[in-house]
Structures are given as C-alpha cells and as structure tokens.
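Throughout, read-outs are computed from the coordinates displayed, never taken from laboratory work. Computed from a predicted structure; not experimentally measured. Glycine gets a Cβ as well: all are built from the backbone with ideal geometry, and neighbour counts include every protein chain shown.
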Amino acid sequence: MISPRDRSIIRGLATKWMEFASLPVMKERKRLWKAVHDLKAERPVILFETAWIDGYVAESEVLCEDPFLRSVEKNMRITLRQAEELGDDIVIEPHYRLGWRMVFSDYGVPVEIRGAVGMEKSIAYSFSFPIATPADIAKLRRRTIAVDREKTLRLRATLEDVMGDLLPVKLGNFDPFISEFNVGEFGDLGFTGNFFFGLTWQLYRFIGNDRLLYWVYDDPAAIHKLMAYLLEDRLALFGFFEKEGLLDFNTDSQMAGPRSYGYVSSLPAADCGRAPALKDVWGWAESQEFEMISPPMYQEFVLPYLAKLSERFGLVYYGCCERVDDRLEMIMDAIPNLRSVSVSGWSNLARTADLLGRKYVYSRKPTPAYISGPNPDWDRLEKDMKATYAATKDCNLEILYRDVYTTNGDRSRLRKWVEMTKAIFQL
C-alpha cells in the first residue's frame, strides 16, 4: 500500500518533471544534441553528471517512506535540481524510465567486492580476484541470465498508479552497473539504455591488476581465453535482451555512452513505433584497464573482441577515462560503426582532434579532480576548457563532466563551471 503522503510527493515531482519536459528549450536541446551526433554540430553541447555527487540531493530531502519510491524520488529530485540550477544542456523527456530487473548467476567463481561501504558512501573498493592462476580459468561457467518480469511489472504498475496520469512510465533496457554491483534491492539511478561492453572491466575483476600486467607476457593464451569467454558472455546477454523483447531504443536521453545522450538521425528514433533490434541502438566499448598496455598489445588482446561485439550494434561510443590518442587509428579501422570517442585529460587533446576531425564526435571529459573536494582549482579548470576550445574548433564537440563524487556541499561550483565554459566557447 502506498501512503497518501508518498503519493502526494511523487505526484508533485511528476508535475514539475512534465513542466520542464514541456519547455521549448528541451526541443531545442534535443536538436542540438542530434546535430552533434549527426556530425553536423552547430555548437558544443554541455552536460554535467550529478547523480554520483555525494549530497547533491541529501538523504534528508528524500521524504518518501516506501523504499522503491524513495529511489524514484531521489532520481527525480537530482534531475530536476540539475535542470533548475546548472544551465547545462540537460534534456528531460516527457516520461519516466524504468529498466528491467535482471537476475544473473555468478561466473562459476564468486567475484566478491571487498572494502566497499556501499556505492552511495564510498568508491574505494577492491575484489576477491578469484582467477589466481591460468588453471583457475577452468572454473568459469556460462552465466545464467534471466529477467524478473514479475517484479519489474509490479514496480511499473506502482509508478503508473501513483503518477501515470501525470507522467507516463516507459519500460526497457537495464542499468548494467546496478546489475553488476547489486546496489540495493530497488536501485534506480535512471542510467538505462547503456549497453556497456565491460570486457576488460570484468577481466580485471577476475585476475587483478598484477596478473593482467604479467600474463600478457607470461601466459598470453590465458588472456585470450578469458577475453573469448567474456565476449561470449556479452553476446549472450545482449542477445537475450533482443530475443526476449526487452530492448528499447537508446536514441533519446538514455545513455548511449558514459553520460552521452543517444539522439542521432542514423538510428531509428525512440518514438518510431516499432520494436528495436540491437542494430537499432548504441553500444559502448572501452578498455580503461588496458590503458597502461602498449598499443600493439591492446591490438592483440583487446581490440578484436571489442570489434566483434561492436558488430552487433548500430553505432558505437568508444572509451571512458582512458587515453585514446595512441591507439585511436587502429580503433577507427577495427570498428567501422564508431561514432563517438571519449577524450579524457589523459589524451593529447590536439592530436585527438586531428584524428577525429568532423568524421566523429569528440566527447570531451574534463578532469574530475579539478572541481572536486574542498577547493576547486579554477585556474586549471579554465586552462582545461581553453585548451579544449583551441583544439576542437573544427570538431563535433560534446563536453560531459563526469565522475565528480564530492563538492563538499558546494553546488554553486557546478553552475560556475558551466557559465565559465559557455563564456570560453562563446555560447
């Protein structure tokens, strides 16, 4: 039973959500995001990721008693606060999105998280690294993949009952991070639509960093065996979504890559009215864990598996926080449907711009440390954006500020950064 108080809280937020979604600026922002992803950028688009910032919406501000509605309320408050305060190019769609609740077995070995206080409280954690020797690879088993339709449909019915007449509820895709970390019973951060490959992401969790660095020399066959296993796992996962009718188009404000929206003309629109296939959606390839491995070794041990998985998707977003300019040309050759490339502070900004040109999206990721903690470094923040401006004048540019986890309770610095960046880019 949903209490009248909880119902009133969610309905109030739903009304506010629809007010924002109905603003003419939302339509204009969609058009600008699409122009960037169509490789016909009219101006850079800017988005700040606020969902992970500790205290961006304090727990004391979340008023619902029902656990599921609390998670929905917090997500809505985060989104609405960003739309109210930051002045970036956030898009609020006229619906609320809910992902399928998935049920996975382990991989035949338990990959235990160690040292984590909880995703909301700490990002300092490690793993049990259960594959200690190449012989341990034999312990791996194919994961079982299932969808909890009953729970998902029950949650959707709850939302529709509470606010469906004000704000429609859309169902589809899933949040891979919540699924992997099992964050809470009803974790709902609104990051659905994100077909994250995570091959070396999971490889690291199997063997740890030391063995990752050693085995490419000491037992390269073991690395290939693990990568082949993970490729088969991901093909099965994404194929399950397609076969079971769980897919939804991520060509809207869902995550096509790490916080990048999916608006684009070369894939079907989210409201096209037919069921999607994997070839209709974005996939997200990356390999942060192999960044310290040489480009030739990356080309041998990682890229063929990413390229094989990329074939299943319509367009591919590549990268996250790793350097890419030293291996970008081989990525371009191996992944013909590449569209967007993440450019973190580890990359040479000018060289990456020369390589991407107008043929790809330059997806810039400013360095989180500069704005985090007690004292933002405004000199570095300004230099970073001026260097980006100088390097990307002829690029299809999106600027996505991610992985900021603490601002010491100072939300004003986020808007200050947006305003500074707009001034530099003369927006």
Original post:
Given q = 0.19 Å⁻¹, what are the Debye log10 I(q)/I(0) values for the range 6-164, with equal point scatterers placed on the Cα positions and solvent ignored?
Top reply: -1.21
**OP:** For the chain, with a Gaussian network of springs between Cα atoms less than 10 Å apart, report the residue from ARG339, ARG97, ARG141 with the top mean-square fluctuation.
**Re:** ARG141
Subject >> P(r) tail fraction, the range 242-289 - alpha-carbon pairs more than 17 Å apart, % >> reply: 34 percent
Subject >> Cα centroid of the range 249-324 to Cα centroid of the range 216-244, whole Å >> reply: 16 Å
Subject >> Largest-first principal axis extents of the Cα set of the chain (Å) >> reply: 62, 51, 46
Original post:
Stretched out fully, how many nm does the piece from SER3 to GLU65 gain, at 0.36 nm a residue minus the Cα gap?
Top reply: 21.5 nm
Subject >> Cβ-derived FRET efficiency at R0 51 Å, ASP136 paired with ASP271, nearest 0.05 >> reply: 0.60
Original post:
What are the trypsin sites (Lys or Arg not before Pro) within the range 380-409 that DSSP puts in a loop, where the Cβ has at most 13 other Cβ atoms within 10 Å?
Top reply: LYS393
Original post:
Considering amide H positions built from the backbone, and no H for Pro or chain starts, which residues 5 or more places from VAL281, or on another chain, come under 5 Å of its amide H?
Top reply: GLY314, LEU315
**OP:** Multiply the residue separation of TYR214 and TRP378 by 0.36 nm, subtract the distance between their alpha-carbon atoms, and state the gained length in nm to one decimal.
**Re:** 55.1 nm
**OP:** Between GLU160 and TYR405, with labels modelled 7 Å along Cα→Cβ, what's the label distance in nm to one decimal, could you check?
**Re:** 3.9 nm
Original post:
Once the other residues with Cβ under 14 Å from the Cβ of GLU42 are scored (Lys, Arg +1; Asp, Glu -1), what is the net sum?
Top reply: +3
Original post:
Each label point is 7 Å from the Cα along the Cα-to-Cβ direction; what then is the distance between the points at LYS151 and ASP54, in nm?
Top reply: 2.8 nm
Subject >> ³J(HN,Hα) computed for each position of the range 321-335 - Karplus, 6.51 cos²θ - 1.76 cosθ + 1.60, integer Hz, glycine/proline x >> reply: 9, 7, 5, 10, 5, 7, 9, 5, 4, 6, 5, 4, 5, 7, 10
Subject >> Amide proton proximity set for ASP54, modelled H, under 5 Å, gap of 5+ >> reply: THR406, THR407
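Starting from the range 1-78, pick out the trypsin sites (Lys or Arg not before Pro) whose DSSP state is loop and whose Cβ has at most 16 other Cβ atoms within 10 Å.
LYS40
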Original post:
Once fully extended, how much extra length lies between ASN337 and MET420, figured as 0.36 nm per residue of separation less the alpha-carbon to alpha-carbon distance?
Top reply: 26.5 nm
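Could the peptides 209-216, 362-369 be put in order, highest first, of the mean number of other beta-carbon atoms found within 10 Å of their residues?
In descending order of packing, they fall as 362-369, 209-216.
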